[in-house]
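Undergrad: Please see the structure below; I have some questions.
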Number of protein chains: 2
Amino acid sequence: MISEKTIERLSLYRRILQQLRVEGKETIMSHELADLLHIKPAQVRRDIMQLGYSGIPNSGYRIRPLLESIANFLDSPLPQSAVLVGVGHLGLALLANFAGRWRQLAIRAAFDKDPAKVGHTFHGCRCYSMLDLQKVIVETKSIVGILAIPGEGAQSVSDLLVQSGISGILNFSPLRIKVPNSVFVEHVDLSTTFEKVSFFARRMKHYVEEEKWKIEHETDEGEYETLTTNQ
Amino acid sequence: MISEKTIERLSLYRRILQQLRVEGKETIMSHELADLLHIKPAQVRRDIMQLGYSGIPNSGYRIRPLLESIANFLDSPLPQSAVLVGVGHLGLALLANFAGRWRQLAIRAAFDKDPAKVGHTFHGCRCYSMLDLQKVIVETKSIVGILAIPGEGAQSVSDLLVQSGISGILNFSPLRIKVPNSVFVEHVDLSTTFEKVSFFARRMKHYVEEEKWKIEHETDEGEYETLTTNQ
DNA sequence: GTATAATTGTGAATTTATGAACAAATTATA
DNA sequence: TATAATTTGTTCATAAATTCACAATTATAC
């Protein structure tokens with residue numbers, strides 16, 4: 001009923017609106033939000049419509065109640081817990097950025113197969129043995145698992161997470177894990193993302209240089225296709 | 001003409017095919033690749049068609065030439081360079097994972113405003129002062145900039161990158177930067193990603209519990225909407 | 001008050017992405 | 001050599017996401 005894209009945008013709206021509120025702003029219009037996100041105003045209105053919140057014609061949306069509507073929609077009444085598997089460089093970075101400061105989704109435990117890490121606390125988060133995975137997940141009532149491990153172990157760890165009752169996985173490993181369709185998976189594949197940016201950067205460069213050439217040579221003939229971008 | 005989604009999938013195909021090749025596999029059929037990625041065979045065939053590479057009816061695609069076609073399509077003839085801005089936890093993790101081992105897109109330099117970091121080398125990558133940004137980018141002929149800094153400085157650093165001739169930005173900061181449309185931007189927004197996974201994990205859980213309840217109570221009446229997922 | 005200008009909410013149109021289905025092609029087999 | 005079985009390339013159909021465009025509504029100016 002509600003799409004992933006909409007959820008992502010709502011989360012973004014919230015972050016921006018929170019910032020605007022501390023700056024003292026009280027209302028906002030769809031085209032202002034749209035400009036900040038580089039999307040169209042109609043998209044903003046549609047998203048907000050889905051919350052059931054109504055704006056005021058000719059004056060926009062009142063920020064405070066709009067934020068309440070978003071929170072009401074996105075957040076759980078109770079705080080939710082997540083666990084992190086893999087305390088390598090990436091895992092540490094995630095802990096550093098999100099361990100404490102996360103209202104809704106607290107990372108409550110970390111796991112690593114390296115015995116040297118087990119028992120230690122990283123950025124306020126205790127690291128357990130992989131053997132304790134199921135026990136800790138059940139105890140902390142965690143619903144989300146974050147996979148920050150190399151591809152090799154990803155499927156077996158994913159299976160473990162699912163068995164332990166996890167219902168969402170954020171997968172930073174390069175492997176496309178298989179899960180039952182009662183579990184939500186989000187793949188964040190940094191390798192392919194790099195390749196994508198590299199590819200389009202190169203294309204953009206070529207395109208710009210072609211345009212320059214055309215201008216320098218004053219040739220109007222010869223139509224060029226425009227590029228597909230995400231702007 | 002070619003979509004971002006297709007580029008992402010081609011990059012994925014490549015990684016999987018490289019693995020299969022070292023395992024000794026010579027040919028692959030669209031449905032095999034499709035199963036590994038949890039997509040439909042028609043999608044695989046369509047993507048490969050766009051490369052201009054043709055498979056063989058009743059026997060599939062020959063892996064080696066297919067890999068060549070993908071490389072030919074995705075990669076630049078010359079290796080390309082990228083720079084990283086922000087050597088915090090996340091920046092370090094990116095360097096650790098991608099600094100050396102990246103065929104196509106080498107991270108050639110890092111920048112940080114912390115004087116304590118400038119002059120040091122992290123995972124084989126030298127850290128420079130922000131003041132040297134433009135100079136180093138021009139010298140290394142870098143076309144991609146990776147932003148791994150907090151939101152506050154993101155826009156001004158982005159402007160600097162663009163001025164210095166960067167044509168693609170991989171933005172890990174929570175700010176939606178504004179760039180001319182001759183520059184490609186990919187946002188990797190970990191906060192919203194967390195929120196999204198958390199949201200759908202909760203929904204999945206509810207859905208599963210509802211289903212259980214329905215089964216336990218043998219009620220066939222009362223239709224429930226199915227969830228929108230990315231499986 | 002009334003008129004004017006501006007903004008929302010939303011149906012319709014458009015664009016983009018995915019999926020189904022089948023002819024054409026190729027191999028394997030009898 | 002001919003027949004059967006299978007997989008590709010591609011067209012047509014469907015679904016999802018976005019954008020347009022405009023009536024309805026509200027604030028503001030006069």
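Undergrad: Keeping to region A:126-163, report how many residues are in contact (Cβ under 8 Å) with a residue 40 or more places away in the chain, within 11 Å of chain B (Cβ to nearest Cβ) and over 21 Å from the mean Cα position of the chain (by Cα).
TA: Qualifying residue count, region A:126-163: 1.
Undergrad: OK, next. Just to be sure I understand, how many residues within region A:54-77 are within 15 Å of DNA strand C (Cβ to nearest atom), open to solvent by 50 Å² or more (accessible area, probe 1.4 Å) and within 14 Å of chain B (Cβ to nearest Cβ)?
TA: Of the residues in region A:54-77, 1 are within 15 Å of DNA strand C (Cβ to nearest atom), open to solvent by 50 Å² or more (accessible area, probe 1.4 Å) and within 14 Å of chain B (Cβ to nearest Cβ).
Undergrad: A follow-up question, please. Which of the residues spanning region B:8-31 are near DNA strand D (Cβ under 10 Å from one of its atoms), surrounded by fewer than 17 Cβ atoms within 10 Å (Cβ to Cβ) and touching a residue at least 24 places away in the same chain (Cβ under 8 Å)?
TA: If the condition is that a residue be near DNA strand D (Cβ under 10 Å from one of its atoms), surrounded by fewer than 17 Cβ atoms within 10 Å (Cβ to Cβ) and touching a residue at least 24 places away in the same chain (Cβ under 8 Å), then B:Thr27 is the only one that fits.
Undergrad: Can I ask one more? Find the residue count for region B:1-18, including only residues that are part of a helix (DSSP H, G or I) and at the interface with chain A (Cβ under 9 Å from one of its Cβ atoms).
TA: Final tally of qualifying residues: 10.
Undergrad: Of everything in region B:25-53, what is within 21 Å of A:Gln155 (Cβ to Cβ) and more than 9 Å from DNA strand C (Cβ to nearest atom)? Give them in sequence order.
TA: B:Lys25, B:Ile28, B:His31, B:Glu32, B:Leu33, B:Asp35, B:Leu36, B:Leu37, B:His38, B:Val44 - these are the residues of region B:25-53 that are within 21 Å of A:Gln155 (Cβ to Cβ) and more than 9 Å from DNA strand C (Cβ to nearest atom).
Undergrad: Report yes if some residue within region B:178-193 is under 29 Å from A:Arg103 (Cα atoms) and more than 8 Å from chain A (Cβ to nearest Cβ); otherwise report no.
TA: Taking every residue of region B:178-193 in turn, at least one turns out to be under 29 Å from A:Arg103 (Cα atoms) and more than 8 Å from chain A (Cβ to nearest Cβ).
Undergrad: Tell me, please, whether a residue that is away from DNA strand D (no atom under 16 Å from the Cβ), open to solvent by less than 20 Å² (accessible area, probe 1.4 Å) and without any contact (Cβ under 8 Å) to a residue 24 or more places away in the chain can be found in region B:79-95.
TA: The answer is yes, given that some residue of region B:79-95 is away from DNA strand D (no atom under 16 Å from the Cβ), open to solvent by less than 20 Å² (accessible area, probe 1.4 Å) and without any contact (Cβ under 8 Å) to a residue 24 or more places away in the chain.
Conditions (1) touching a residue at least 12 places away in the same chain (Cβ under 8 Å); (2) under 21 Å from B:Glu211 (Cα atoms), marked per residue:
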| residue | (1), (2) |
| --- | --- |
| A:Gly165 | yes, yes |
| A:Asn171 | yes, no |
| A:Ile177 | yes, no |
| A:Pro180 | yes, yes |
| A:Val183 | yes, yes |
| A:Val188 | yes, no |
| A:Val197 | no, no |
| A:Met204 | yes, no |
| A:Val208 | no, no |
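Undergrad: So, in region B:83-101, exactly how many residues are within 14 Å of B:Thr121 (Cα to Cα) and of a type outside the set (A, V, I, L, M)?
TA: 4
Undergrad: Within region A:154-175, is even one residue open to solvent by 20 Å² or more (accessible area, probe 1.4 Å), assigned to a helix (DSSP H, G or I) and of a type in the set (A, V, I, L, M, F, W, C)?
TA: Yes, region A:154-175 contains a residue that is open to solvent by 20 Å² or more (accessible area, probe 1.4 Å), assigned to a helix (DSSP H, G or I) and of a type in the set (A, V, I, L, M, F, W, C).
Undergrad: Hey, another quick one. Could you check, for region B:115-124, whether at least one of its residues is open to solvent by less than 30 Å² (accessible area, probe 1.4 Å) and either among the β-branched types (Val, Ile, Thr) or under 27 Å from A:Gly88 (Cα atoms) (or both)?
TA: Going residue by residue through region B:115-124, those that are open to solvent by less than 30 Å² (accessible area, probe 1.4 Å) are none.
Checking region B:115-124: not a single residue is open to solvent by less than 30 Å² (accessible area, probe 1.4 Å) and either among the β-branched types (Val, Ile, Thr) or under 27 Å from A:Gly88 (Cα atoms) (or both).
Undergrad: Of the residues A:Leu161, A:Leu170, only one is within 20 Å of B:Ala93 (Cα to Cα) and among the hydrophobic types (A, V, I, L, M, F, W, C); which?
TA: Exactly one of A:Leu161, A:Leu170 is within 20 Å of B:Ala93 (Cα to Cα) and among the hydrophobic types (A, V, I, L, M, F, W, C), namely A:Leu170.
Undergrad: With the condition kept exactly as written, say whether any residue in region A:195-210 is assigned by TED's automatic domain parsing to the domain that holds A:Ala99, at pLDDT 95 or above and assigned to a helix (DSSP H, G or I). Spell out how you get there, then give the answer.
TA: Here is the first cut: in region A:195-210, the ones assigned by TED's automatic domain parsing to the domain that holds A:Ala99 are none.
The answer is no; no qualifying residue exists.
The values are calculated or read from the model by the stated rules, or taken from the named source; none is laboratory data. Predicted model, so just to flag it, every value in this text is computed and none were measured. Neighbour counts run over all protein chains shown; Cβ positions are idealised from the backbone, glycine included. For accessibility, only protein heavy atoms count, side chains too; no ligands or nucleic acids. Shrake-Rupley method; radii C 1.70, N 1.55, O 1.52, S 1.80 Å.
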